[in-house]
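The values are calculated or read from the model by the stated rules, or taken from the named source; none is laboratory data. No experiment lies behind these values; they were computed from the predicted model shown. Neighbour counts run over all protein chains shown; Cβ positions are idealised from the backbone, glycine included. All accessible areas refer to the heavy atoms of the entire protein, side chains included, with ligands and DNA or RNA removed. Shrake-Rupley method; radii C 1.70, N 1.55, O 1.52, S 1.80 Å.
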Amino acid sequence: FVLQPQTSFLEENVVLSISGEETVTLGEEIRYRLRYRNAQDVILSKATLQLRYPDGFVFKESSVEPLTDSNDTWALGTIGNDDSGYIDIYGTLYGDVGEDQSFRAFLNYFPSNFSSEFQKVFSLNTEVTESPVELNIKAMDEVVPGVETEFVLEMVIDSEIKRDDLAI
């Protein structure tokens, strides 16, 4: 007699991650990499990857063509045992300086020894830490109501920014 252990599915052996900058400059083009891996002998079928972008993220392109016009879903198909892959996402992040933005990834799949759909979730927070444009306002220390007062607005632009990209 030969007894072979039955292949069993372990959800913790399905790996999903997002890597990329955790601090960015407002309006900077950035790249994030979504990685997935099936680190077991059970085959995963009908796998799809969905990414929820933070408010203020403008999608530019990805290394794999998305399924939808919203550029947030990819069909991975079957992920074999010990198979892995990645998708690179390129875009620009806008938002308030100091505010955390969250990228959330969802990997949906059917293990070959189950008839139910499973989901793996991962998130990455990114903070906008600086702005390429600084606005300074100069005025008198005190003003009197009804008297004309001069305010001077001075805009300092980072030299690496193209002026064509600015709107006032």
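Observations on the structure shown:
- Segment 92-121, residues that are assigned to a strand (DSSP E or B), of a type in the set (Gly, Ala, Ser) and surrounded by 16 or more Cβ atoms within 10 Å (Cβ to Cβ): 105
- Residues located in segment 39-90, provided they are among the polar types (S, T, N, Q) and farther than 27 Å from residue 113 by Cβ: 62, 63, 68, 70, 71
- Meets criteria (open to solvent by 80 Å² or more (accessible area, probe 1.4 Å) and free of Cβ contacts under 8 Å to residues at least 12 places away in the same chain) for residue 22: no
- Pairs with Cβ under 9 Å, 6+ apart, first in segment 125-139 and within 22 Å of residue 150 (Cα to Cα), second of a type in the set (Val, Ile, Thr) and open to solvent by 50 Å² or more (accessible area, probe 1.4 Å): 134/156; 135/156; 136/152; 136/156; 137/152; 138/152; 139/152
- Top-ranked residue in segment 123-148 [being modelled with pLDDT of 85 or more and hydroxyl-bearing (Ser, Thr, Tyr); ranked as surrounded by the fewest Cβ atoms within 10 Å (Cβ to Cβ)]: 123
- Of all residues in segment 66-102 being acidic (Asp, Glu), modelled with pLDDT of 90 or more and touching a strand residue (DSSP E or B) at 6+ places or on another chain (Cβ under 8 Å), the one that is nearest to residue 28 (Cα to Cα): 88
- Only a single item in (1) over 19 Å from residue 118 (Cα atoms); (2) modelled with pLDDT of 90 or more is not met by residue 2, and it is number (2).
- Matching strands (runs of 3 or more DSSP E) fully within segment 27-76 where at least 1 residues are touching a residue at least 40 places away in the same chain (Cβ under 8 Å), of a type outside the set (A, V, I, L, M) and more than 30 Å from residue 157 (Cα to Cα): 29-38, 44-52
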